[in-house]
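Okay, so here's the structure we're looking at.
The values are calculated or read from the model by the stated rules, or taken from the named source; none is laboratory data. What you see is a predicted model, and the numbers here were worked out from it, not measured in a lab. Note: ideal-geometry Cβ built from the backbone for every residue, glycine included; neighbour counts use all protein chains shown. These accessible areas exclude ligands, DNA and RNA; they are computed on the full protein's heavy atoms, side chains included. Shrake-Rupley method; radii C 1.70, N 1.55, O 1.52, S 1.80 Å.
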Amino acid sequence: MNKLCSMKEAIASSVRNGGSLVIDGFTHLICFAAGHEIIRQGFRDLTAIRLTPDLVYDQLIEAGAVRKLVFSWAGNPGVGSLHALRRRSEASSAERLELEEYSHFGLLSRLMAGSAGLPFWPLSNYQGGDIARVNPAIKTVQCPYTGRQLATVPALHPDVAIIHCQRADREGNAQVWGLLGSQKEAAFAARKVIVVAEEIVSTELIRRDPNRTLVPGIIVSHVVHEPWGCHPSFVQGFHDRDNDFYVKWEDISRQPETYRAWLEEFVYGVKDRQGYLSRLESGLLDKLRAKARICEGVDYGY
Amino acid sequence: MAIETGAGPTASERMAYRASQELRDGDVVFVGIGLPNLACNLAREIHAPGLFMIYESGAVGAMPERLPVSIGDPSLVTNSLAVVGQADIFQCMLQRGLIEVGFLGGAQVDRWGNINTTVIGDHANPKVRLPGSGGACEIAVHARRLLIVMRMSRRTFVESCDFVTSPGHRVNGRSREELGMPGGGPTRIITDLGVLDFDTTGEAVLTEVYPGVTPEQVRQSCGWPLRVAETVRQSTEPDASVLTLLREKLDPKRLYL
């Protein structure tokens, strides 16, 4: 089945006001293009889930799309704070965001339970400290074999998972290399999966290297072709992280006025990802484009 | 900011060097970005070429050609021994007990080595919202040796953390053993003034100062009545060749120094 459609269609037919979503990726493969389309379509009251909500989640918060954040580390990686999040979560804020907080291992375990079809996941963690004290979803169980006390977290089933990958076919068989984050767990835990790819390739090409497929097409509902959809994040083998942007973001986002102006120019003021890319400084994409490091490939013969 | 050739070590250089001395050849290290990353690279250059670096982003046996700008960086992938999902990092590497050394820092630390990276003030109504745990809590629970690297001041070395993100030797009066934490807990706090060890009760004790620093000065910079060891050693400082290595090869853009 050909599931190829535009980002606009994929978001419009998957995301719902009040629903939950995860735009996965751990510094790598973060689909900014999807976040921007969600903002443009004006969705509200979302529960945004991710281990590392970063700039695109902060943009969703600033745009008023998010009611609740489920997370384990919220910052501008390597640079500083998420300012919309801070403005909506510190003592002085008028409109407070609902926060549900874990450590990485804890939130990942919620996705693992969801992806494995189990009601909860056990982990050796939270024996001391305050994370479990302030989060009633973290409980304990006694191991029936050893008697050991373990922490547990409940299964998480995001309504929508958005997974960016290097290449996919039209059925959504998605191949990923480089940092894998929790993309597989997020995809299998979710009720609906949108795959976004740098390249759309033939199923035959996917079949030539089946070990590379992280998400199988049978759980995917939409496939979007969106080259450079991750900028300023990176895509191994395609382009580097735009670190200058992450550094500049600190100044852009600190004040609501400059933040809003940026959203106007790069999100509301453009129709789609192509529009966004055309507003970036000329020569930037060439500068970020990856230098090849090809691996030899393996023999699948028998 | 350029540093003149021949200038003495800065606080960051001292800390990176002192931290590097804690690493042994062959140690499996869970590497954080910033000074810990630099300390690992330095140890590999000087005395621990077989240091095995694991990053929470999934890179195992990484050998980054450039200093990574964030915990996930494409240079961590290129040339790694393995790249795995984060589920494998936390379950098969950390929870399985494969991590010898972990590194953490934070906004607050107390005398038991408890660390706060979550909030300043009340959790429900914070004065400052910090990034949160990330992988820090589970690193503190599972690493066999934990190194804390933090600059020292009364604001950061506190009587009691506003929030304990990552547990140290004693939380609310209970020991790691009582709480059932598998890892060994903090072994040292490496600061810009000196080094703190932990005694058998799990309390931090000043054991080293940098040249020109007195134990009294360190006590003044600590938010609790800091215990001082009977003999306080002088920390070794990076010599000219180490400084050249740090400044010209390992962090020429001074991302972290």
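Considering segment A:217-302, the qualifying helices (runs of 4 or more DSSP H), each wholly inside and each with 3 or more residues that are within 22 Å of A:H28 (Cα to Cα), run over A:243-254, A:273-278, A:284-288. Does A:E199 count as surrounded by fewer than 22 Cβ atoms within 10 Å (Cβ to Cβ), at negative phi and not in a helix (DSSP H, G or I)? Yes: the conditions hold for A:E199. For segment A:97-140, the set of residues classified as more than 10 Å from every other protein chain (Cβ to nearest Cβ), of a type in the set (A, V, I, L, M) and within 17 Å of B:M181 (Cβ to Cβ) consists of A:I138 only. From the list B:R155, B:R151, B:R188, the one residue that fits, being part of a strand (DSSP E or B) and either without any contact (Cβ under 8 Å) to a residue 12 or more places away in the chain or open to solvent by 20 Å² or more (accessible area, probe 1.4 Å) (or both), is B:R188. The residue that is most open to solvent (accessible area, probe 1.4 Å), counting only those in segment A:169-184 that are closer than 15 Å to A:L29 by Cα and of a type outside the set (G, A, S), is A:K184. In this structure, does B:F30 turn out to be open to solvent by less than 30 Å² (accessible area, probe 1.4 Å), within 13 Å of chain A (Cβ to nearest Cβ) and under 16 Å from the mean Cα position of the chain (by Cα)? Yes, satisfied. The set of residues in segment B:34-58 that are touching a residue at least 60 places away in the same chain (Cβ under 8 Å) and buried (at least 22 other Cβ atoms within 10 Å of the Cβ) comprises B:L35, B:P36, B:N37, B:L38, B:A39, B:N41, B:L42, B:E56.
Residue-by-condition table, conditions (1) under 21 Å from the mean Cα position of the chain (by Cα); (2) within 14 Å of another protein chain (Cβ to nearest Cβ); (3) modelled with pLDDT under 95; (4) more than 19 Å from A:V22 (Cβ to Cβ):
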residue: A:R208; (1), (2), (3), (4): no, no, no, yes
residue: A:S221; (1), (2), (3), (4): yes, no, no, no
residue: A:H239; (1), (2), (3), (4): yes, yes, no, yes
residue: A:F245; (1), (2), (3), (4): yes, yes, no, yes
residue: A:W249; (1), (2), (3), (4): yes, yes, no, yes
residue: A:A261; (1), (2), (3), (4): no, no, no, yes
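Just one of the listed residues (A:G78, A:G64) is modelled with pLDDT under 95 and either surrounded by fewer than 21 Cβ atoms within 10 Å (Cβ to Cβ) or within 12 Å of chain B (Cβ to nearest Cβ) (or both), namely A:G78. When segment A:41-61 is filtered for residues that are farther than 19 Å from A:R273 by Cα and open to solvent by 10 Å² or more (accessible area, probe 1.4 Å), the ones remaining, listed by number, are A:R44, A:D45, A:T47, A:T52.
Of a type in the set (S, T, Y), within 14 Å of chain A (Cβ to nearest Cβ) and either more than 20 Å from B:G121 (Cα to Cα) or within 15 Å of the chain's Cα centre (by Cα) (or both): is that true of B:S160 in this structure? So B:S160 does not fit the description; no. Suppose we keep only residues that are over 15 Å from the mean Cα position of the chain (by Cα), open to solvent by 20 Å² or more (accessible area, probe 1.4 Å) and among the basic types (K, R) within segment B:93-148. Which one would you say is farthest from the other protein chains (Cβ to nearest Cβ)? Among them, the one singled out is B:R111.
Give segment A:9-68 a look and list any residue that's small (G, A, S) and touching a residue at least 60 places away in the same chain (Cβ under 8 Å), or say none.
Within segment A:9-68, A:A10, A:S13, A:S14, A:G19, A:S20, A:G25, A:A33, A:A34, A:A63 qualify.
Candidates in segment B:69-92 are the residues that are of a type outside the set (S, T, N, Q) and more than 8 Å from chain A (Cβ to nearest Cβ); of these, the one that is farthest from A:I294 (Cα to Cα) is B:C92.
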